[in-house]
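Structure first, then comments.
The values are calculated or read from the model by the stated rules, or taken from the named source; none is laboratory data. Computed from a predicted model, the values in this text were never measured in an experiment. When we count neighbours, we look across all protein chains shown, and the Cβ atoms used for this are built from the backbone with ideal geometry, even at glycine. Heavy atoms of the whole protein, side chains included, go into the accessibility calculation; ligands, DNA and RNA do not. Shrake-Rupley method; radii C 1.70, N 1.55, O 1.52, S 1.80 Å.
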Amino acid sequence: MIAQEPKAWIYDRQSRTGETPVKMIEVANLTRKFGDFTAVDSLTFNLDRGEVFGLLGPNGAGKTTTVRILCCLISKTSGSVRIGDLDTSDRDDAMKIRKMIGLVPDNVGLYDTLSAYANLEFYGRMYEFPEKQLKENIEKYLKMLDLWDKKDLPVGSFSKGMRQKVSLARALVHDPEVLFMDEPTANLDPEAAKTIRDVILDLRRENRTILLNTHNLDEAQRICNRIGVLKTRLIAVDTPENLAKLVSGRKTVILLEEMNDRILGAVRGLNPRSVETDGNKIAVGMADPDRETPAIITAIVSSGGKVRSVSETGASLEDIYLQLVRE
Amino acid sequence: MRLWKSWILAKKDLAIMRKRRSLATAILAFPLGLGIALPLLIEYIIVRKSATVTIVSSLLGAFPFFFIILSALLPLYISSYGIVGEKTEKSLEPLLATPTSDGEILMGKYIGSFLPVLVSIYLGLTIFMFLTDLLTVSKIGHFYYPNLGMAIVYLLGAPFACIYGVSTGLFVSSKVNNIQGAYQIGAFSLIPLYALYILGEIGIVSLSSNTNLLIISAGLLVAVILMYMLSRATFNRESILTKWK
């Protein structure tokens, strides 16, 4: 009953060893409208093989719609989407794409009356994965997620975290090259969330391509190579570090022995982005601290100030995200 | 269309059905109950009411029609569950994300609902025939069943009614969010069958006539084709994920 020629799967395995960056996901000017409402507007981004890309955005920003289009679940209004070298709008290609991707939806969507094993077995067969490898993979992922002992229990008796783990195992059971995860750690306890994050990091090491929708900024910062901030349109795409430079969130904090108006005036005279004081501490916001900090220190010393210490605080991803989304 | 893919889905639905006792009980209890109750009713009429051979024969001719109605009613419940159940468990999205065509998924739902009901209906009909023959042979003087009318019900009426119920259930369940609602709305689609039964009772239509049974079966076949086309048009992943309630 299992397909004799799982072409997309073979393609995945052969291509996984490539070292030069290979585009796995190419999205160009993707737009999706529902009547007059535009859910996703002119979205453009690419993912290389092995990259983990986080899509951040408020509710209703179009994250789930984007994932559904990329998974060939719904059509696009305009633009182009390619997964591997396949076009999502081509019917035959869409079938091959579905075979090479795994989806962790925002709702786990498991069959509660069936056991964890039966759920995974069913999906593995629907993905036309070879039977022998399917059994090996079910065992591998259930063990990896600490669920092997409970494999025969109905999923309906599982906790939320356990169900989410089964959902993750379901997305992995056919060994997909590309993974789409829609808020995989939402509402989980810290331990379950950590297990899932660890698995994602393992997958990253295995060179799998992952698109991760998340609200968890700390998680995105820890897991993702690059982050895209989405609010119907893609507001920004970059590494977490480079995103920090996009906003005026970096500050140099200088601790003085004594603060006075003369020192403050000297610092303000250099026209930094912002100046805040707190006792003997002065925090100076600047566009390029590497270049501007020496001039600030010189001004303070020239004004008779004595510097105890100098440190730098970067903007958190939360600061960056909030600023970008509000803008 | 790859039928083996539909079969995987149907097997999953059958496994869930086995685990849900109320569902499995409903599928078995009604046909088996009818298969036992109707012969006992006939026996009561013969013994207590001293019915004539003509009256008994007329009743025996009309009773199989109950099984046609039941063949349409039961799958309505199961197929409503098949889709609404997937919706309430939020399992439609991961299912639709698998490399399976809409037609294969729809066919899987058809098979998963059709098979258990038809098997159960055939069991009920067999018990009905056996018990009826046992209880009426002394009055009629010969075994009344099997006969041509029952063959039409077995081979045409019951299967077509069953597929009609499945199609209706699948179509209706795309419009509602709960199983009860789907079942109740779907039950309206059986009004023509109830009307036929009433017409039979008041003597306008003979439900024991083989010709009429053939015409009813043909009508059901046409309804099946129309409902399948409607289900097929409704069941595509785009509208399931963006328009279904």
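Considering the stretch B:192-212 alone, what residues qualify as being open to solvent by 80 Å² or more (accessible area, probe 1.4 Å) and under 24 Å from B:Leu156 (Cα atoms)? Full working, then the answer.
So in the stretch B:192-212, the residues open to solvent by 80 Å² or more (accessible area, probe 1.4 Å) come out as B:192, B:194, B:198, B:201-202, B:204, B:211.
Residues satisfying the conditions are B:Pro192, B:Tyr194, B:Ile198, B:Glu201, B:Ile204, B:Thr211.
Counting the residues of the stretch B:221-237 that are in contact with a helix residue (DSSP H, G or I) (Cβ under 6 Å, 6 or more places away or on another chain) and not β-branched (Val, Ile, Thr) gives 9.
Scanning the stretch B:235-242 finds no residues that are away from chain A (no Cβ under 14 Å) and either surrounded by fewer than 16 Cβ atoms within 10 Å (Cβ to Cβ) or under 20 Å from the mean Cα position of the chain (by Cα) (or both). Of the candidates A:Thr277, A:Thr252, A:Thr298, A:Thr293, the single residue that is of a type outside the set (D, E, K, R), at pLDDT below 90, in a helix (DSSP H, G or I) and not assigned by TED's automatic domain parsing to the domain that holds A:Leu142 is A:Thr293. Against the criterion of being at pLDDT below 85, over 30 Å from A:Gly35 (Cβ atoms) and hydrophobic (A, V, I, L, M, F, W, C), B:Ile225 does not qualify. The set of residues from the stretch B:6-21 being closer than 11 Å to B:Thr100 by Cβ and more than 7 Å from chain A (Cβ to nearest Cβ) comprises B:Ser6, B:Leu9. For the stretch B:37-52, does any single residue satisfy the condition of being modelled with pLDDT of 90 or more and open to solvent by less than 40 Å² (accessible area, probe 1.4 Å)? Yes, there is a match, as at least one residue in the stretch B:37-52 is modelled with pLDDT of 90 or more and open to solvent by less than 40 Å² (accessible area, probe 1.4 Å). Go through the stretch A:51-99 and give me each residue that's small (Gly, Ala, Ser), assigned to a loop (DSSP other than H, G, I, E, B), away from every other protein chain (no Cβ under 11 Å) and open to solvent by 50 Å² or more (accessible area, probe 1.4 Å). Residues satisfying the conditions are A:Gly60, A:Ser89. For the stretch A:101-176, the helices (runs of 4 or more DSSP H) that sit wholly inside it and include 2 or more residues that are in contact with a helix residue (DSSP H, G or I) (Cβ under 6 Å, 6 or more places away or on another chain), open to solvent by 10 Å² or more (accessible area, probe 1.4 Å) and facing another protein chain (nearest Cβ under 9 Å) are A:116-126. Restricting attention to the stretch A:204-222 and to residues that are modelled with pLDDT of 90 or more and among the β-branched types (Val, Ile, Thr), the residue that is surrounded by the fewest Cβ atoms within 10 Å (Cβ to Cβ) turns out to be A:Ile210.
Candidates B:Ala24, B:Ala29, B:Ala51: the one that is more than 14 Å from B:Asp133 (Cα to Cα) and in a loop (DSSP other than H, G, I, E, B) is B:Ala51.
Scanning the stretch B:84-116 for residues that are more than 10 Å from chain A (Cβ to nearest Cβ) and within 18 Å of the chain's Cα centre (by Cα) yields B:Leu106, B:Met107, B:Lys109, B:Tyr110, B:Ile111, B:Gly112, B:Ser113, B:Phe114, B:Leu115, B:Pro116. Going through (1) modelled with pLDDT under 90; (2) assigned by TED's automatic domain parsing to the domain that holds A:Ile254 one by one, A:Arg308 falls short only on (1). Restricting the stretch B:175-191 to residues that are under 16 Å from B:Leu226 (Cβ atoms) and surrounded by 14 or more Cβ atoms within 10 Å (Cβ to Cβ), the residue that is modelled with the lowest pLDDT is B:Gly186.
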